[in-house]
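Peer 1: Right, I'll just put the structure down here and ask away after.
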Amino acid sequence: MKTTRVRMKAMSPLRFLLLALLAPLAQAQNVAPDVLVKSITEEVVTVLKRDKDIQAGDPKKVADLIETKILPHFNFTRMTRIAMARNWRQASPEQQKELTTEFQTLLVRTYSTALSNFRDQQVDYKPLRWRPGDTDVTVRTEVKQPGSSQPVGIDYEMEKTPNGWKVYDVKVGGVSLVTTYRETFASEVRAKGVDGLIKSLAEKNRQGAQPKSDKT
Amino acid sequence: MRNGVTKAKALCAALLLAGTLAGCATLGDNPRDPLEPYNRAMFSFNDAVDGAVLKPVAKGYRAVLPGFLRTGISNFFSNVEDAWICVNDLLQGKFQSGLDDFGRLFFNSTFGIAGVFDFASDVGMQKNNEDFGQTLGWWGVGSGPYVVLPFLGPSTARDGLAFLVDTQADPVWRIDDVPLRNTAVGVRFIGRRAELLDATSVIEQAALDKYTFVREAWLQRRRNLVYDGEPPREKDEDDSR
């Protein structure tokens, strides 16, 4: 404590100014996980409700929103590793990278579909149960959609990293977005090898890139 | 009385069958899905029926009826369920939940005008999700193999048989007037399908193989419900850092 104060004194005004400007950034990394989820959700929901293009189903705008606001808070490598289970170690570092990229594209696209369906839903945040030392927590939220009597739980599994809290799994109504892929990935690898799985994912992503006429 | 005994016997036989099915569960490729060839065929059939009939009707339902009306209908059927949910709370020794669901039933049936308004939720009386399959699960009955039922979709040996019990206890199925009963069952079914329209469009986007995706999601969902949203973590052998 004392040493910091001494250093502060010795600091040039310019360096102090710089530090003052950067302080909020450093703070963002120490934000509690539930606060982080809430602030991001509120921010995204505000954009969703305001933006007419997104409501009309403009996939590019949704993708931009996800890329800038949501992606930085996800750990896709870990997500891919969990989905790959024991096959992760079979994959070479290049394959692991390709898998992560393709899986990320697929998840982002899935997420965009879910978000563009978002209209007048109401999000509730459950109190977070955790101890200060925890490095792995579940942030629970509930989404209520109009026309339905029951809210759907959306839980974020988060881990503490040097760069702040990162989401490594999302559970919708108790269903994990990541482990749901395990069996599919395992059987693809069994049948066609790791490269076969990468190809299937890339193929799926190409199909998804074309807008579907079935949009509801 | 005799009727009751026969029913109990039928249930025992059914449970025994579920146990036996679970016993041979190692025959198939996936230990949880030994009936995969049949299941896949039934899944495609259901999917075709859904695409041709249910989904279009559900879309129409959602397009024609305003949100508040759909919520009212959904609330009405949800309220009717609460009695049986309450019974299942008690069968699982969850007395506080039982009290909550009874309170919901009482408030919503009266002040909520036959359940059309869900005032209980507004004042913080949360609905619990219970059915007989979950009660069996709570008592330690394993889910048994995954089974895709005609028209009804994903289930398991345990939950499929338990569903028969749920149906027996379902006031909507017990309506004497057959045309009225069929209408009520139909409206409820379409309403539920309409609530799932967004979810199913997400699945279309997400799944590499829809059959496997739906199976895994369903099994996770049921496990999660049996543990009331907090299932013990499954061993993450492979999530090595």
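Peer 1: Condition first: farther than 22 Å from B:Tyr227 by Cβ, facing chain B (nearest Cβ under 10 Å) and hydroxyl-bearing (Ser, Thr, Tyr). Can you find one or more residues in the stretch A:123-140 that meet it?
Peer 2: There is no residue in the stretch A:123-140 that is farther than 22 Å from B:Tyr227 by Cβ, facing chain B (nearest Cβ under 10 Å) and hydroxyl-bearing (Ser, Thr, Tyr).
Peer 1: Still on this structure, please answer the following. Looking only at residues that are without any contact (Cβ under 8 Å) to a residue 40 or more places away in the chain and more than 8 Å from chain B (Cβ to nearest Cβ) in the stretch A:93-120, which one is surrounded by the fewest Cβ atoms within 10 Å (Cβ to Cβ)?
Peer 2: Filtering first and then ranking leaves A:Pro93.
Peer 1: While we're looking at this one, here's another question. Applying the selection to the stretch A:201-215, what residues are facing chain B (nearest Cβ under 8 Å), surrounded by 15 or more Cβ atoms within 10 Å (Cβ to Cβ) and at pLDDT below 95?
Peer 2: Listed by number, the residues that qualify are A:Lys204, A:Gly208.
Residue-by-condition table, conditions (1) under 24 Å from B:Ala217 (Cα atoms); (2) among the basic types (Lys, Arg):
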residue: A:Asp34; (1), (2): no, no
residue: A:Val44; (1), (2): no, no
residue: A:Arg81; (1), (2): yes, yes
residue: A:Leu106; (1), (2): yes, no
residue: A:Thr113; (1), (2): yes, no
residue: A:Asp120; (1), (2): no, no
residue: A:Leu128; (1), (2): no, no
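Peer 1: Restricting to the stretch A:144-189, what's the tally of residues that are touching a Pro at 6+ places or on another chain (Cβ under 6 Å) and within 12 Å of chain B (Cβ to nearest Cβ)? Write out each step before concluding.
Peer 2: Restricting attention to the stretch A:144-189, the residues satisfying the condition of being touching a Pro at 6+ places or on another chain (Cβ under 6 Å) are A:144, A:158, A:165.
Narrowing the set further to residues that are within 12 Å of chain B (Cβ to nearest Cβ) leaves A:144.
Adding up the residues that qualify gives 1.
Peer 1: Taking the stretch B:187-228 only, how many residues are within 14 Å of the chain's Cα centre (by Cα), assigned to a helix (DSSP H, G or I) and of a type in the set (A, V, I, L, M, F, W, C)?
Peer 2: Number of matching residues: 6.
Peer 1: In this structure, is B:Thr135 of a type in the set (Ser, Thr, Tyr) and either under 24 Å from B:Arg70 (Cα atoms) or at the interface with chain A (Cβ under 9 Å from one of its Cβ atoms) (or both)?
Peer 2: No, not satisfied.
Peer 1: Is it the case that some residue within the stretch B:61-78 is more than 11 Å from every other protein chain (Cβ to nearest Cβ) and modelled with pLDDT of 95 or more?
Peer 2: Yes, there is a match, as at least one residue in the stretch B:61-78 is more than 11 Å from every other protein chain (Cβ to nearest Cβ) and modelled with pLDDT of 95 or more.
Peer 1: Then there's this: Among the candidates B:Leu225, B:Leu164, single out the residue that is over 26 Å from A:Gln207 (Cα atoms), of a type in the set (A, V, I, L, M), in contact (Cβ under 8 Å) with a residue 40 or more places away in the chain and within 14 Å of chain A (Cβ to nearest Cβ).
Peer 2: Details: B:Leu164 fails: within 14 Å of chain A (Cβ to nearest Cβ).
Answer to the check: B:Leu225.
Peer 1: Okay, next question. Looking at the stretch A:60-75, which of the residues that are away from every other protein chain (no Cβ under 14 Å) and touching a residue at least 24 places away in the same chain (Cβ under 8 Å) is surrounded by the most Cβ atoms within 10 Å (Cβ to Cβ)?
Peer 2: So in the stretch A:60-75, the residues away from every other protein chain (no Cβ under 14 Å) come out as A:60-61, A:64-65, A:67-74.
Pick out the ones that are also touching a residue at least 24 places away in the same chain (Cβ under 8 Å) and you get A:65, A:67, A:69-71, A:73-74.
Working: A:Leu65: 19, A:Glu67: 11, A:Lys69: 14, A:Ile70: 17, A:Leu71: 15, A:His73: 17, A:Phe74: 21.
Filtering first and then ranking leaves A:Phe74.
Peer 1: Which pairs turn up if I take residues in the stretch B:110-130 that are among the aromatic types (Phe, Trp, Tyr) and look for partners that are modelled with pLDDT of 90 or more and part of a loop (DSSP other than H, G, I, E, B) with beta carbon separation below 6 Å, at least 6 apart in sequence or on another chain?
Peer 2: B:Phe119/B:Phe111; B:Phe119/B:Gly112
Peer 1: Here is a follow-up. Looking only at the stretch B:229-241, which residues are within 8 Å of another protein chain (Cβ to nearest Cβ) and either modelled with pLDDT of 75 or more or outside any loop (DSSP other than H, G, I, E, B) (or both)?
Peer 2: Residues satisfying the conditions are B:Gly229, B:Pro231.
Peer 1: When you go through (1) surrounded by 15 or more Cβ atoms within 10 Å (Cβ to Cβ); (2) over 29 Å from A:Gln121 (Cβ atoms); (3) away from chain A (no Cβ under 14 Å) one by one for B:Arg32, which number turns out not to apply?
Peer 2: (3)
Peer 1: Of the residues B:Pro179, B:Pro154, only one is more than 14 Å from every other protein chain (Cβ to nearest Cβ), more than 16 Å from B:Val80 (Cβ to Cβ) and of a type outside the set (D, E, K, R); which? Explain how you work it out, then say what you get.
Peer 2: Working: B:Pro154 fails: more than 14 Å from every other protein chain (Cβ to nearest Cβ).
Only one candidate qualifies: B:Pro179.
Peer 1: What's the total number of residues in the stretch B:51-70 that are without any contact (Cβ under 8 Å) to a residue 12 or more places away in the chain and either crowded, with 16+ Cβ neighbours inside 10 Å or in a helix (DSSP H, G or I) (or both)?
Peer 2: Just the residues of the stretch B:51-70 that are without any contact (Cβ under 8 Å) to a residue 12 or more places away in the chain, to begin with: B:51-53, B:56, B:60, B:63-69.
Narrowing further to those that are either crowded, with 16+ Cβ neighbours inside 10 Å or in a helix (DSSP H, G or I) (or both): B:51-53, B:56, B:60, B:63-65, B:67-69.
Of the residues in the stretch B:51-70, 11 are without any contact (Cβ under 8 Å) to a residue 12 or more places away in the chain and either crowded, with 16+ Cβ neighbours inside 10 Å or in a helix (DSSP H, G or I) (or both).
Peer 1: Looking at B:Ala199, B:Ala184, B:Ala217, which is the one that is among the small types (Gly, Ala, Ser), within 14 Å of chain A (Cβ to nearest Cβ) and crowded, with 18+ Cβ neighbours inside 10 Å?
Peer 2: Just one listed residue meets the conditions, B:Ala217.
The values are calculated or read from the model by the stated rules, or taken from the named source; none is laboratory data. Only a predicted model underlies this, so the values are computations on that prediction, with no experimental measurement involved. Note that we place each Cβ from the backbone using ideal geometry, even for glycine, and neighbour counts take in every protein chain shown.
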